[in-house]
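Okay, so here's the structure we're looking at.
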Amino acid sequence: MTGFDCAEGSSGPQSKVNRSLPIATIAVTLVLGAVFGVATFFVWDPATNNARQDGLLNKQFDIGCISDNLGARAVGNVRDCQASGPAQIAGKFAMSAPMRPTTFARPTAPMARPTAPGFMTGSSRVQMQFVPMRAGRGNVLMAVSEGEATRKFFIGGNWKANGDPNMVKTLVSDLNKAKLQVNAEKDVEVVCSPPFVYLSQVKETLRKDYSVAAQNMWDKAPGAWTGEIPAEMLTNMGVGWVILGHSERRENCGETDQIVADKTKFAIEGGLSTITCIGEKKEAREGGTTFNVLDTQMKPLAATLSEADWDKVVLAYEPVWAIGTGLVATPEQAEETHAYLRKWLTDNVSKKVSDSVRILYGGSVNDQNSAELGTKPNIDGFLVGGASLKGDAFTTIVDSAKAAMAA
């Protein structure tokens with residue numbers, strides 16, 4: 001049976017050397033044998049071969065070995081393209097069933113990933129779930145699904161209750177003059193969210209390749225609602241985005257998980273797209289219950305929104321303990337949580353939604369850490385707080401889309 005050889009790029013059973021062949025033929029055969037021996041030396045690893053065949057792997061995909069012959073999957077820690085020793089290199093068993101990993105294999109017990117030294121160590125570690133992750137955005141060796149290919153990087157700037165007329169004018173001017181290294185229409189989507197009183201001013205004066213968002217909205221039709229801003233008023237003035245469920249509103253205004261889900265639904269039905277926020281407090285992170293908290297926050301969204309509604313939703317994972325504190329989740333911590341959320345969407349909504357919904361990270365994101373965070377495959381951008389009030393810093397964060405696309 002002809003097989004595919006990841007190491008040599010050829011296949012086929014080995015033929016015996018005919019002793020009557022000319023010396024030249026024997027020499028060629030010896031050279032090929034030497035190549036085979038070298039390849040075997042570098043690929044064969046008895047200590048890890050069984051784990052490889054079982055599909056329990058430590059990296060996303062094999063660089064340099066991607067083939068229709070072996071059916072490389074779009075996502076997942078499964079080494080479909082895997083040279084597993086001399087037998088496969090000889091081309092005898094590459095297509096046989098024992099060499100083909102089955103579906104995503106999960107460990108029988110969750111594995112714990114250590115946190116960064118000196119940062120929330122010990123009991124604060126979140127147990128790692130074995131979840132599929134998409135290929136890096138810029139890697140041409142890995143096939144990606146249609147949904148994954150459309151996840152444009154997203155940068156949101158939440159100005160919160162900051163600014164005065166002169167400060168807002170200066171900030172908008174700085175943003176407008178900035179020279180980006182990325183195309184703000186093609187490569188990245190940028191949305192700035194000023195306080196309500198400056199929303200109209202910013203919308204009229206901000207560069208046209210950036211959009212604006214409200215920081216909240218009222219989920220009722222216009223009427224006798226003193227102090228509230230109904231969704232219809234936002235759309236009537238040309239605002240297309242709204243931030244919902246931010247931890248500051250959950251904590252200070254009593255917005256429950258169900259209220260956030262209902263407001264998200266109302267906003268979508270009213271013609272708005274939403275940046276819907278979720279995230280755990282410090283005690284949950286330290287107690288190892290981060291995923292439990294996120295599960296509780298996500299369930300009302302899944303129950304309230306239709307599959308089509310998710311086209312208008314961007315999720316923002318903002319660990320409460322990192323918002324405005326200077327503490328930042330390590331890239332590994334953030335990626336782990338984003339991967340969990342994407343798996344959660346697959347299991348509780350649909351694979352289509354999981355592949356297409358953008359999941360942002362928020363929590364003391366700045367111009368020094370955005371590029372590294374952005375290279376993680378399940379982090380699709382950022383919701384930025386304090387750094388969004390500085391034109392040069394925010395521009396650098398927008399430019400982090402370049403690093404993300406190259407990852």
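A few remarks follow.
- Here ALA308 clears all of (1) surrounded by fewer than 21 Cβ atoms within 10 Å (Cβ to Cβ); (2) farther than 26 Å from LYS263 by Cβ; (3) of a type in the set (A, V, I, L, M) except the condition numbered (2).
- Filtering the range 292-304 to residues that are within 18 Å of the chain's Cα centre (by Cα) and either among the hydroxyl-bearing types (Ser, Thr, Tyr) or buried (at least 17 other Cβ atoms within 10 Å of the Cβ) (or both) leaves LEU294, MET298.
- Unique match (being closer than 26 Å to LYS376 by Cβ and either in contact (Cβ under 8 Å) with a residue 12 or more places away in the chain or surrounded by fewer than 16 Cβ atoms within 10 Å (Cβ to Cβ) (or both)) among ASN162, ASN158, ASN236, ASN166: ASN158
- Selection over the range 262-290 of residues that are more than 22 Å from GLY157 (Cα to Cα) and either free of Cβ contacts under 8 Å to residues at least 40 places away in the same chain or touching a Ser or Thr at 6+ places or on another chain (Cβ under 8 Å) (or both) gives a count of 13.
- Condition check for LYS343: of a type outside the set (Val, Ile, Thr), farther than 30 Å from PRO222 by Cα and buried (at least 18 other Cβ atoms within 10 Å of the Cβ): yes
- PRO222 without any contact (Cβ under 8 Å) to a residue 40 or more places away in the chain and under 18 Å from ILE155 (Cα atoms): no
- Scanning the range 368-381 for residues that are closer than 17 Å to ILE323 by Cβ and in contact with a Ser or Thr (Cβ under 6 Å, 6 or more places away or on another chain) gives a single hit, SER370.
- The requirement of being more than 25 Å from TRP159 (Cα to Cα) and out of contact with any strand residue (DSSP E or B) (no Cβ under 6 Å at 6 or more places or on another chain) is fulfilled nowhere in the range 392-400; no residue meets it.
One line per residue, one yes/no per condition, for (1) over 30 Å from ILE229 (Cα atoms); (2) out of contact with any Phe, Trp or Tyr (no Cβ under 7 Å at 6 or more places or on another chain):
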{"position": "GLY270", "(1), (2)": "no, yes"}
{"position": "ILE278", "(1), (2)": "no, no"}
{"position": "LYS299", "(1), (2)": "no, yes"}
{"position": "TRP310", "(1), (2)": "no, yes"}
{"position": "ALA339", "(1), (2)": "yes, yes"}
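- Any hit, the range 316-323, residues being hydroxyl-bearing (Ser, Thr, Tyr) and under 20 Å from the mean Cα position of the chain (by Cα): yes
- Residue check, ALA213 at pLDDT 95 or above and part of a strand (DSSP E or B): yes
The values are calculated or read from the model by the stated rules, or taken from the named source; none is laboratory data. Nothing here was measured: the structure is a model prediction, and the numbers come from that model. A quick note on method: Cβ atoms are made from the backbone with ideal geometry, for glycine too, and the neighbour counts reach across all protein chains shown.
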